[in-house]
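What follows is a set of notes on a single structure, which appears directly below.
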Amino acid sequence: MNKSKEIIFETSRLLVRKLQMNDLDSYHEMQSNPKVMQYVHGEVKSKEAHKQELEELIGFYEKNGNDFWIYAIERKSDAKFLGTVAFVKDDQQEDEIGYRFIERYWGRGYGYEVGEGMVSYARLIKIPKIVGYVVDENAASARILEKLNFEVVERGIDPVSQLPETKYQILL
């Protein structure tokens, strides 16, 4: 394993680590897929724009008082970049989690597995509660949060997509 990787946590099949510039091709593949982006904030951009975005995300790691952490999800067996996880503050300053994957890795249980890891990591770093927002059409993500024992706390409209969404939370 590459010792320069800064691992945040791991699961049985996955490593969650800091993003690196050599993630650009896979990051761009994920972020430029309209199916991946349909339920999340953000938009399909050029590779150059994604390069700037990746540089900015990596820069947050060194920022004092940072509350915007985006990490890479990597498969242990072959070091493939699968997607990203997020630990960010939402509009109410609550600790929000999120994840997205390159489309070809959907349906393999990685969302649930990384979700379990995120909950364990949040407990480890003493976060008392985490929330997640899911556009109601995104039934797969809703099932993952429900399976992880998140509870519905609010229903509303996503301000960006204007689609119905549900806010979930879990007390840790």
Inter-label distance, nm, simple model (7 Å from Cα along the C-beta direction), Gln38/Phe68: 2.7 nm
Nonlocal amide H pairs with Leu172, under 5 Å, H built at 1.01 Å: Lys129, Ile130
Beta bridges by DSSP in the chain, antiparallel share as percent, to the nearest 5: 95 percent
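Which entries in Lys35/Lys129; Lys18/Lys89; Lys18/Lys45; Lys63/Lys89 show an alpha-carbon gap greater than 26 Å?
Numbers: Lys35/Lys129 29 Å; Lys18/Lys89 18 Å; Lys18/Lys45 22 Å; Lys63/Lys89 15 Å.
Over 26 Å apart, Cα to Cα: Lys35/Lys129.
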The chain - percent relative contact order, Cα under 8 Å, separation 6 or more: 18 percent
Whole-number percent relative contact order across segment 92-172, with pairs defined as alpha carbons under 8 Å at least 6 apart: 33 percent
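Roughly how many debye, to the nearest 20, is the charge dipole of segment 7-127 about its Cα centre, given +1 on each Lys and Arg Cβ, -1 on each Asp and Glu Cβ, and no other charges?
Working: 17 positive and 21 negative charges, 94 e Å.
For this selection, approximately 440 debye.
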Calculated over the chain: convex hull of Cα atoms, volume per residue (Å³): 120 Å³
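No lab work stands behind these numbers, since they all come straight from the coordinates. What you see is a predicted model, and the numbers here were worked out from it, not measured in a lab. Because the Cβ atoms are built from the backbone with ideal geometry, glycine has one as well, and the counts that use them run over all protein chains shown.
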